[in-house]
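Notes follow the structure.
The values are calculated or read from the model by the stated rules, or taken from the named source; none is laboratory data. This one's a predicted model, so the numbers in the text were calculated from it and none came from an experiment. Glycine gets a Cβ as well: all are built from the backbone with ideal geometry, and neighbour counts include every protein chain shown. These accessible areas exclude ligands, DNA and RNA; they are computed on the full protein's heavy atoms, side chains included. Shrake-Rupley method; radii C 1.70, N 1.55, O 1.52, S 1.80 Å.
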Amino acid sequence: MHPGFVRAPELLPTPKAADLPAERLTGERCVWCGKTATEALSARISVVKGELMRWEPRSCSYCLCHEAKRVYTIHIGVCARCTHRDYCPDSRALYELGFPK
Ligand SMILES: [Zn+2]
Ligand SMILES: [Zn+2]
């Protein structure tokens with residue numbers, strides 16, 4: 001599979017929706033740091049006050065890159081499909097996002 005088919009932002013865990021201020025839930029502000037958001041992270045389904053809620057978090061470009069790096073580092077340590085010679089599509093997509101050329 002081509003790495004382009006995996007949307008790396010979908011692989012990044014966001015903070016709990018229930019704990020976030022409104023402007024981070026609506027995607028107006030970065031879900032991690034609260035600065036102006038420029039990058040879409042794909043829609044999420046979370047439970048807020050006992051109800052399922054669909055929301056579309058966004059982030060600033062700095063946090064997107066930083067989180068991709070962090071998740072990539074964890075991923076390669078735990079993923080059964082990633083070896084020293086070959087990496088799974090998730091891992092390649094995270095790498096492209098976290099370590100832009
Ligand atoms: Zn941010
Ligand atoms: Zn992997």
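Annotations for the structure displayed:
- Test for residue 91: is it among the small types (Gly, Ala, Ser) and in a helix (DSSP H, G or I): yes
- Residue within the stretch 70-80 that is in a loop (DSSP other than H, G, I, E, B), within 16 Å of ligand 2 (Cβ to nearest atom), open to solvent by 30 Å² or more (accessible area, probe 1.4 Å) and more than 18 Å from residue 7 (Cα to Cα) present: yes
- The residues listed here are 49, 16; of these, the one that is within 16 Å of the chain's Cα centre (by Cα), open to solvent by 60 Å² or more (accessible area, probe 1.4 Å) and away from ligand 1 (no atom under 13 Å from the Cβ) is 16.
- Filter result for residue 23 (among the acidic types (Asp, Glu) and loosely packed, with under 12 Cβ neighbours inside 10 Å): no
- Top-ranked residue of the stretch 86-98 - restricted to ones that are open to solvent by 80 Å² or more (accessible area, probe 1.4 Å) and under 12 Å from residue 65 (Cα atoms), ranked as nearest to ligand 2 (Cβ to nearest atom): 95
- Residue 54, sole failed condition from (1) in contact with a helix residue (DSSP H, G or I) (Cβ under 8 Å, 6 or more places away or on another chain); (2) open to solvent by 90 Å² or more (accessible area, probe 1.4 Å): (1)
- Screening residue 83 against (1) within 16 Å of ligand 2 (Cβ to nearest atom); (2) open to solvent by 90 Å² or more (accessible area, probe 1.4 Å); (3) more than 16 Å from residue 11 (Cβ to Cβ) leaves a single unmet condition, (2).
- The stretch 5-31, residues that are among the small types (Gly, Ala, Ser) and in a loop (DSSP other than H, G, I, E, B): 27
- Every residue from the stretch 60-97 that is touching a residue at least 40 places away in the same chain (Cβ under 8 Å) and within 16 Å of ligand 1 (Cβ to nearest atom): 64, 67, 68, 71, 97
- Beta carbons closer than 8 Å, at least 6 apart along the sequence or on distinct chains, pair a first residue in the stretch 41-52 that is modelled with pLDDT under 90 with a second that is of a type outside the set (Ser, Thr, Tyr) for 48/17; 48/18; 49/18.
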